[in-house]
Amino acid sequence: MARHSRNDQAGIDLPKARLDRESLSQVLELLRYLRPYRVRFVLALLSLFSSNLLSLAFPYLAGSLIDAANRPGASVNGTALLLVGILAVQAGFLFFHSLSFATVGQRAIVDLRRDVYARLISLPMAFFGNRRVGELASRLSADLVQIEDTLIALLPQFLRQMTLLAGGIVLIGITSLKLTGIMLASLPVLTLVAVLFGRRTRRLAREAQDRLAETATIVEETLQGIVNVKAFANESHELRRYHSGLLGFLEATLRSARLRASFVSFIVFALFGSIVLVLWSGARLLQAGEISFGELTRFILYTTFVAGAMGQFADLYSQIQKAVGSTQRVRELLRETPEVEATLATQPASTLARLRGEVAFEDVHFAYPARPGVEVLQGIQLHAQPGQKIAIVGPSGAGKSTLLSLLLRLHDPTRGRILIDGRDARDYPLTDLRNQLSLVPQEVLLFGGSIADNIAYGRPGASQAEIEEAARLANAHGFIHAFPEGYQTTVGDRGIQLSGGQRQRIAIARAILRNPAILILDEATSSLDSESERLIQEALETLMQGRTSFLIAHRLATVRNADRILVVDQGRIVESGTHAELNAIEGGLYRHLAALQFHAHPTVPAP
Ligand code: ADP
């Protein structure tokens, strides 16, 4: 009898929300996703109500049939045919609204998923900094499944039980007021128990769900860092951690299950107890000749309807609480302010003229939103002329990546400002600005797809000729061409694995294709063989030509060729100049780093 959603079967307990005016009105907000399909939805509702009315006619006619059977000479055929006819019509309605609810629900959910994803990827970095993104993603997808279930199955079911309950009670009343009174006496008791139970389980369900999310995080973290797990031979340690998380989950779930079990058994006992009570009273009324056989049958059938509906209500109520709880995170996410607007339509051409590439940092201070008290950058002052190559060196944790992430506007300075072509970076439309910047990251992420697709990521819509030209300039054409499938070779999880050097050249080709005014490079720290090193160095030189380039440098060659080197330490620029100038500073940090690293091991990262 009880209806279980897919999430229940998967063992994920979703949060339940208190059902009050506020939470319900917020849920109504999500109903706007039904608006484009409202005609079909309303028709489905009408069909549902019609089929419910026919359900209610069924016991009535069944009663008439029995009474007719008791009257000698009365024909039973007509009533029986009518019953069959009603069943057929009802089947038609049922087909229509089952299909309609599924169609409308699925379409609305597709729209909702699209919007949730669009919002998620358009949110500023600060949003991601504060969260465990994997956990968020898995919870969101569980939430969406729950909402989907609600639209397709729970809502129709709820409406059906509501009408059966209300209609059943009215029709019972018409049949026998006395029996109805007895029936209704048990209703408030059951309702009260259901409400009390709902409150108790809500807390337990939430707890179990939190525990499960914790274990999911462990799986995700360890799989992402599987190399670390293996390198430290920590498999057993991780297993113990995971297992103890699971045990915590089990305990919480079982507590919730115990409560639920006692509730269900109580309800069944109370429910059937009240049915027995009603039957007994009905039998006595029949004996006394106050009602007919047909009326008693009618009454019994209606009673099962009403009892069935009441029995499902507790379950439905808790399902609805879950659904409301599920919408919470989704609604919260949709309410976050995105930094850009992601749309399905192709972006209109940027109105921003090509930047010259002059960059200035004016007394820039910055603290990550996750750690507001710690200033990672403390008064950065720099000025780059168009076309200059600026190398940034310094110990690990000095703030080099942070500095460049501010230039990309992944974050904005907490104090001070960044000027691009003399204008505050915050005054540019974000997408237009980023379209003129390009990042070649340390760890190049290739998407599942062909090599051509991956290069075209720099400028979606680029032609094959443009892609190949970019690859040539990036010194990548040679190795791509050598693959049997050339540019159509699949890379990523399901394709071939490229070496670090090859991936970097693809990233460089991507950036060349993008043709940015300002380049941001985070040199890979991994050592490469000297041939790869030379090819990459050459490709980088080509790429940097005619653009303002900032690069976090680990290689002597790149540093030497830079117009200026900034030495960053603890969030400050401590030295600035050319290689020769900085190397001449007695006791300077650059000279120290250079002596320590560059000379001894040219390809080893700075500390
Ligand atoms: P570098 O690139 O020079 O190695 P980073 O710019 O990555 O240094 O980091 C500078 C400081 O900022 C470090 O102390 C680091 O712990 C901190 N940091 C980096 N990213 C974040 C973040 N997302 N949230 C909070 N602190 C961060």
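The values are calculated or read from the model by the stated rules, or taken from the named source; none is laboratory data. Predicted model only: the values in this text are computed from it and were never measured. Note: ideal-geometry Cβ built from the backbone for every residue, glycine included; neighbour counts use all protein chains shown. When the accessible area is computed, the model is the full protein with side chains, heavy atoms only, and any ligands, DNA or RNA have been set aside. Shrake-Rupley method; radii C 1.70, N 1.55, O 1.52, S 1.80 Å.
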- Task: Please verify whether the range 398-408 includes one or more residues that are near the ligand (Cβ under 8 Å from one of its atoms), open to solvent by 20 Å² or more (accessible area, probe 1.4 Å) and within 29 Å of the chain's Cα centre (by Cα).
- Result: yes
- Task: Being touching a Ser or Thr at 6+ places or on another chain (Cβ under 9 Å) and small (Gly, Ala, Ser) is the filter; apply it to the range 349-397 and report the residue that is surrounded by the fewest Cβ atoms within 10 Å (Cβ to Cβ).
- Result: Ser350
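To keep it simple, each residue is scored yes or no on (1) at pLDDT below 90; (2) over 30 Å from Asp315 (Cβ atoms); (3) not polar (S, T, N, Q).
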| residue | (1), (2), (3) |
| --- | --- |
| Leu190 | yes, no, yes |
| Phe197 | yes, no, yes |
| Arg206 | yes, no, yes |
| Glu220 | yes, yes, yes |
| Val229 | yes, yes, yes |
| Leu239 | no, yes, yes |
- Query: Is there a residue in the range 92-107 that is among the aliphatic types (A, V, I, L, M) and under 29 Å from Leu212 (Cβ atoms)?
  - Reply: yes
- Message: For the range 521-587, give me every one of the helices (runs of 4 or more DSSP H) that falls completely inside it and has 3 or more residues that are open to solvent by less than 10 Å² (accessible area, probe 1.4 Å).
- Response: 530-544
- Query: Only one of (1) free of Cβ contacts under 8 Å to residues at least 40 places away in the same chain; (2) within 16 Å of the ligand (Cβ to nearest atom) fails for Glu332. Which number is that?
  - Reply: (2)
- Kindly indicate which of Ser318, Ser292, Ser281, Ser326 is among the polar types (S, T, N, Q), closer than 29 Å to Leu30 by Cβ and more than 21 Å from the chain's Cα centre (by Cα). Ser318
- Task: Scan the range 374-397 for residues that are over 17 Å from Ala594 (Cα atoms) and within 10 Å of the ligand (Cβ to nearest atom) and jot them down.
- Result: Val374, Glu375, Val376, Leu377, Gly397
- Message: Go through the range 189-247 and report how many residues are polar (S, T, N, Q), over 17 Å from Ala142 (Cβ atoms) and surrounded by 14 or more Cβ atoms within 10 Å (Cβ to Cβ).
- Response: 4
- Just one listed residue, out of Ile121, Ile147, is crowded, with 18+ Cβ neighbours inside 10 Å and out of contact with any His (no Cβ under 7 Å at 6 or more places or on another chain), and it is Ile147
- Note on the structure: Within the range 429-441, of all residues that are part of a helix (DSSP H, G or I) and under 19 Å from Asp522 (Cα atoms), the one farthest from the ligand (Cβ to nearest atom) is Asn435
- Query: Can Val444 be described as more than 19 Å from Ala517 (Cβ to Cβ) and either touching a Cys at 6+ places or on another chain (Cβ under 7 Å) or within 16 Å of the ligand (Cβ to nearest atom) (or both)?
  - Reply: no
- Only one of Val340, Val324 is aliphatic (A, V, I, L, M), away from the ligand (no atom under 16 Å from the Cβ) and within 30 Å of Val264 (Cα to Cα); which? Val324
